[in-house]
Amino acid sequence: MNRWNIPSWLEQEVLARDQRCIYCGVEFAGIAMERRCRPSWEHIVNDAKIVTRENIARCCMGCNASKGTKLLAAWLESKYCKSRGITSGSIAEVARAFLALSQGTVAPKPSCMDSPSTARS
């Protein structure tokens, strides 16, 4: 586990999935980049006890600092998002899926996310 209590199997899965900020889309390339563009770990729902592939993601430090403890839907209405063109339609699928679920527009799926052996295809 890393210092955020993310199991290594999940950390590797998220690192492979999130090659860009899930919010603004900045690419996490191996080049030197400004601090605000560097990747950071994100809990889409700001609860460190929810350690699932649906809640753990990578976003840039700028988006992470701006979002802070705000709910995703509220943050998407912020000046930060509006000035950068970040909308519910532009964010990565992992965040869009959470947003749809939190707004009641899709039925929740059963979650069996405790280990890689229970992963869905």
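The values are calculated or read from the model by the stated rules, or taken from the named source; none is laboratory data. Model, not experiment: these values are computed from the prediction. All Cβ positions, even for glycine, are placed from backbone atoms using ideal geometry, and neighbour counts span all protein chains on display. We work out accessible area using only protein heavy atoms, side chains counted, and drop any ligands, DNA or RNA first. Shrake-Rupley method; radii C 1.70, N 1.55, O 1.52, S 1.80 Å.
Assorted remarks:
- Restricting the stretch 26-75 to residues that are among the β-branched types (Val, Ile, Thr) and part of a loop (DSSP other than H, G, I, E, B), the residue that is least open to solvent (accessible area, probe 1.4 Å): 44
- Residue in the stretch 6-17 that is in contact with a Leu (Cβ under 7 Å, 6 or more places away or on another chain) and of a type in the set (A, V, I, L, M, F, W, C) present: no
- Tally, over the stretch 77-87, of residues that are in contact (Cβ under 8 Å) with a residue 12 or more places away in the chain, under 16 Å from residue 20 (Cα atoms) and part of a loop (DSSP other than H, G, I, E, B): 1
- Applying the set (1) at pLDDT below 95; (2) within 29 Å of residue 1 (Cα to Cα) to residue 105 leaves exactly one unmet item: (2).
- Looking only at the stretch 88-99, and only at residues there that are touching a helix residue (DSSP H, G or I) at 6+ places or on another chain (Cβ under 8 Å) and free of Cβ contacts under 8 Å to residues at least 60 places away in the same chain, the one that is least open to solvent (accessible area, probe 1.4 Å): 99
- Among the criteria (1) at pLDDT 90 or above; (2) touching a Cys at 6+ places or on another chain (Cβ under 9 Å); (3) not polar (S, T, N, Q), the one residue 45 does not fulfil is (2).
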